[in-house]
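Note sheet for the following structure.
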Amino acid sequence: MNHQQSGLFIVIEGIDGTGKSTQAKMLAEALREAGNDVVLDFEPTNGPYGKLLRDSAVTGRMTPDEELDLFHKDRRQHVDELILPSLTEGKIVILDRYYFSTMAYQGQRGFDRAELRATNEAFAPVPDILFILDLPVDKALERIGVRGDTANEFEQSDALQFCRDTFLSVSDESYAHVIDSSPGISEIHSNMLSIATQKLNS
Ligand code: TYD
């Protein structure tokens, strides 16, 4: 759904190693310095469902269905308690990961991506700006210190390729901006800030 609130909703997605969290912080700081009220947050959240998901990442005991259910519960709560109220108050909301990550990561675990998207868009507002931080998988793995020469690392590389392709599959949307993550941190930041500023002034 499209949100009708006066605030601006910015989402940052990308595979591990593309620098999402760094860019999210820098963007939030720059927009605050420009006098905006900014809420910076992430998914999975630090709420009860998000916490279960993080614990499961360590213990690995959850089935794909249980995991998906928790991601959706976590997101519903996030939308109702933080995202929509903040947008109603006219704030800028910046999220590090959102339902495009569900399409990518749970899609990779066997769920249908189009269905995941429809389920989420029925309750979760579509962002005004989606930044897709993009990097070839081998470069992203290099950045997170994986050399890609063991069986497990091959698997990891395939999984990330699927996720990268999933993020890029929504790049035709009018709100989507693919950001090349290979240049330096400050160049990427200026690029993102100028897109956000343009949208704020439009
Ligand atoms: P995150 O805390 O962003 O970890 P990282 O800093 O390693 O990117 O996300 C934790 C993991 O949760 C990450 O591997 C992606 C995954 N994830 C999903 O599988 N589905 C989702 O809907 C979301 C939001 C995240």
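The values are calculated or read from the model by the stated rules, or taken from the named source; none is laboratory data. In this text, all values refer to a predicted model and were calculated from it rather than measured experimentally. Here the Cβ is made from the backbone with ideal geometry for all residues, glycine too, and neighbour counts use every protein chain on show.
Here the helices (runs of 4 or more DSSP H) wholly within segment 1-94 that include at least 1 residues being within 17 Å of Met192 (Cβ to Cβ) and not small (Gly, Ala, Ser) are 20-33. Test Thr119 against the criterion of being β-branched (Val, Ile, Thr), farther than 21 Å from Ala159 by Cβ, within 13 Å of the ligand (Cβ to nearest atom) and surrounded by 14 or more Cβ atoms within 10 Å (Cβ to Cβ), and give yes or no. For Thr119, the condition - β-branched (Val, Ile, Thr), farther than 21 Å from Ala159 by Cβ, within 13 Å of the ligand (Cβ to nearest atom) and surrounded by 14 or more Cβ atoms within 10 Å (Cβ to Cβ) - is met. Residues that are basic (Lys, Arg), touching a residue at least 12 places away in the same chain (Cβ under 8 Å) and within 14 Å of the ligand (Cβ to nearest atom) do not occur anywhere in segment 46-66. The single condition among (1) within 15 Å of the ligand (Cβ to nearest atom); (2) closer than 20 Å to Ser174 by Cα; (3) without any contact (Cβ under 8 Å) to a residue 12 or more places away in the chain that Ala114 does not meet is (1). Is it the case that segment 107-114 has a residue that's hydrophobic (A, V, I, L, M, F, W, C), modelled with pLDDT of 95 or more and either closer than 21 Å to Thr18 by Cα or surrounded by fewer than 20 Cβ atoms within 10 Å (Cβ to Cβ) (or both)? For segment 107-114, residues hydrophobic (A, V, I, L, M, F, W, C), modelled with pLDDT of 95 or more and either closer than 21 Å to Thr18 by Cα or surrounded by fewer than 20 Cβ atoms within 10 Å (Cβ to Cβ) (or both): present. Exactly one residue out of Phe167, Phe131 is under 19 Å from Lys20 (Cβ atoms), touching a strand residue (DSSP E or B) at 6+ places or on another chain (Cβ under 6 Å), aromatic (Phe, Trp, Tyr) and in a helix (DSSP H, G or I): that is Phe167. For Ser6, the conditions (1) among the polar types (S, T, N, Q); (2) away from the ligand (no atom under 12 Å from the Cβ); (3) under 23 Å from Met103 (Cβ atoms); (4) surrounded by fewer than 14 Cβ atoms within 10 Å (Cβ to Cβ) are fulfilled apart from (3). Within segment 16-53, take every residue that is over 23 Å from Ser86 (Cβ atoms) and within 18 Å of the chain's Cα centre (by Cα) and give me the one that is surrounded by the most Cβ atoms within 10 Å (Cβ to Cβ). Among those residues, the one meeting the criterion is Thr18.
If you go through segment 24-45, how many residues are out of contact with any helix residue (DSSP H, G or I) (no Cβ under 6 Å at 6 or more places or on another chain) and within 15 Å of the ligand (Cβ to nearest atom)? So the count comes out to 5. Does Leu141 fit the bill of being touching a residue at least 40 places away in the same chain (Cβ under 8 Å), hydrophobic (A, V, I, L, M, F, W, C) and touching a Phe, Trp or Tyr at 6+ places or on another chain (Cβ under 9 Å)? For Leu141, the condition - touching a residue at least 40 places away in the same chain (Cβ under 8 Å), hydrophobic (A, V, I, L, M, F, W, C) and touching a Phe, Trp or Tyr at 6+ places or on another chain (Cβ under 9 Å) - is not met.
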